[in-house]
Amino acid sequence: MRLRRYFQRMRSKDIRPVRKPISKILWSVFGAFVGIYAMSIFSNSFSAHDSFFLLGSFGASAVLVYGAPEVPFSQPRNLLGGHVLSALVSVFLVKIFDGVLDLALLCALSVALSVFVMHLTLTMHPPGGATALIYVIGSEQIRSLEWLYPFTPIALGAFIMLIIALVVNNLSSNAKRHYPLYWY
């Protein structure tokens, strides 16, 4: 009986949302293109070989801030705070526990504690979990940044994404595309 009730909780509770209007889709595509292209150009100005600022977590942030600028996860506080706090958590854990804990445990701990910190600070930004994980599993080049990692490439990269999101999301004449909904 308990097992059946448990699986019943997984049934649909609603219908899927309808597709967004093509204008919203095109604004999302435009924003994601401009945001990632600008990050790529900025990154190449540092080094043509390693795409310093092009982290996977920024791709996920682009989906949020350009594709769903109205959701709480996309707001500036969440974008900046989620990335920076998660990066700080991962650097701290690596500094303290690298070589003490195995990599799998360190990976799980970095993401879990990042979620904890983002919840406590009201800065939940799902790509922040990836930002934490990138540092823990990162190359020697990423790991060598140590306490610089949360500030560059992370804070600077998130700030670039924010500036572009402010410009692109407010170009639309659609009042619902206004960005941000709140700053703090």
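The table for this structure:
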{"read-out": "For Leu93: the one exception among (1) within 18 Å of Val136 (Cα to Cα); (2) within 17 Å of the chain's Cα centre (by Cα); (3) of a type in the set (A, V, I, L, M)", "value": "(2)"}
{"read-out": "Candidate set: region 169-184, residues that are part of a helix (DSSP H, G or I) and more than 18 Å from the chain's Cα centre (by Cα); chosen: the one farthest from Asn78 (Cα to Cα)", "value": "Ala175"}
{"read-out": "Unique match (being among the hydrophobic types (A, V, I, L, M, F, W, C), part of a loop (DSSP other than H, G, I, E, B) and free of Cβ contacts under 8 Å to residues at least 24 places away in the same chain) among Leu109, Leu105, Leu54, Leu120", "value": "Leu54"}
{"read-out": "Residue, farthest from Ala87 (Cα to Cα), within region 123-158, restricted to residues that are assigned to a helix (DSSP H, G or I) and of a type in the set (S, T, N, Q)", "value": "Gln141"}
{"read-out": "Identity of the residue in region 116-149, under 15 Å from the mean Cα position of the chain (by Cα) and among the polar types (S, T, N, Q), that ends up surrounded by the most Cβ atoms within 10 Å (Cβ to Cβ)", "value": "Thr131"}
{"read-out": "Answer residue from region 1-40, given it is β-branched (Val, Ile, Thr) and surrounded by 10 or more Cβ atoms within 10 Å (Cβ to Cβ) and is nearest to Ala62 (Cα to Cα) among those", "value": "Ile36"}
{"read-out": "Flag for Pro69 being modelled with pLDDT of 95 or more and either among the polar types (S, T, N, Q) or crowded, with 17+ Cβ neighbours inside 10 Å (or both)", "value": "no"}
{"read-out": "Residue in region 24-36 that is modelled with pLDDT under 95, among the aromatic types (Phe, Trp, Tyr) and in a helix (DSSP H, G or I) present", "value": "yes"}
{"read-out": "Of residues in region 69-102 being β-branched (Val, Ile, Thr) and without any contact (Cβ under 8 Å) to a residue 60 or more places away in the chain, the one farthest from Ile134 (Cα to Cα)", "value": "Val71"}
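The values are calculated or read from the model by the stated rules, or taken from the named source; none is laboratory data. Bear in mind that the values here come from a model prediction, so they are computed numbers and not experimental data. Every residue, glycine among them, receives a Cβ derived from its backbone with ideal geometry; neighbour counts consider all protein chains shown.
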